[in-house]
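I have placed the structure first, in the form of structure tokens, so that the comments after it can refer back to it.
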């Protein structure tokens, strides 16, 4: 299966609610460590073997283990996604939570500076593509599309990621990829004050 991510336009709207993505980073760190340990073990077995047939078998076993690890990690990330979305929904309807705002969106002309991802849009696109787990997508057509709305908070963190498209599994993986972004944004500013802004990010993946 071959796939490519295509990002089209970037629209900005105001939105409010605060949430971090520690759950996603925690899952990723755990499984990255497990992959490191497995890689070390398989490498030792591979280096100790002289027979070509055995080396080929070890490489095959390693590939199968990594595929299983990807699937198990994705299950854990789906759990993190559900947990974060539930908490964000509760906070959105809880008037005692600080940071919830009903103020109107500032006009783009009012911005002193727009929110930006480190390295620019191309870096954002590449990182999302690298974090997207296509193995969990049940593709029912050659090209799948979704529009991902997410929030850049005043501290540059990403919150309230929501993907809308015709394929549920594609939408879910798009949301997980956004929450897994390793870097924070530089927030948008109005008159020197950081403000919350929502981005709408259309994306598509081609399956061949």
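The values are calculated or read from the model by the stated rules, or taken from the named source; none is laboratory data. Quick caveat, the model's predicted, so the values are computed rather than measured. Please note: Cβ atoms are built from the backbone with ideal geometry, for glycine as well, and neighbour counts cover all protein chains shown.
Could you check, for the range 57-75, whether at least one of its residues is farther than 30 Å from residue 173 by Cα, assigned to a helix (DSSP H, G or I) and at pLDDT 90 or above? If you could, list the steps in order and put the result at the bottom.
Just the residues of the range 57-75 that are farther than 30 Å from residue 173 by Cα, to begin with: 57-58.
Filter once more, so that each one left must be assigned to a helix (DSSP H, G or I): 57-58.
Within this subset, residues satisfying the condition of being at pLDDT 90 or above are 57-58.
Yes, the range 57-75 has at least one match.
Need at least 2 residues that are free of Cβ contacts under 8 Å to residues at least 40 places away in the same chain and surrounded by 17 or more Cβ atoms within 10 Å (Cβ to Cβ) per element, so show me which strands (runs of 3 or more DSSP E) inside the range 119-208 make the cut, counting only ones lying wholly within it.
Working: elements: 143-152, 158-165, 188-190, 193-195, 197-206.
Filter on the range 119-208 gives 158-165.
Which members of the range 79-91 meet the condition of being in contact with a helix residue (DSSP H, G or I) (Cβ under 8 Å, 6 or more places away or on another chain) and surrounded by 16 or more Cβ atoms within 10 Å (Cβ to Cβ)?
80, 81, 84
Restricting to the range 126-138, and then to whatever is at pLDDT below 90 and in contact with a strand residue (DSSP E or B) (Cβ under 8 Å, 6 or more places away or on another chain), can you tell me which residue is farthest from residue 186 (Cα to Cα)?
129
Applying the selection to the range 49-67, what residues are over 30 Å from residue 133 (Cα atoms) and either exposed (fewer than 10 other Cβ atoms within 10 Å of the Cβ) or within 28 Å of the chain's Cα centre (by Cα) (or both)?
50, 51, 52, 53
Only one of these conditions is not met by residue 9: (1) surrounded by 14 or more Cβ atoms within 10 Å (Cβ to Cβ); (2) modelled with pLDDT under 60; (3) within 19 Å of the chain's Cα centre (by Cα). Which number is it?
It is condition (1) that residue 9 fails.
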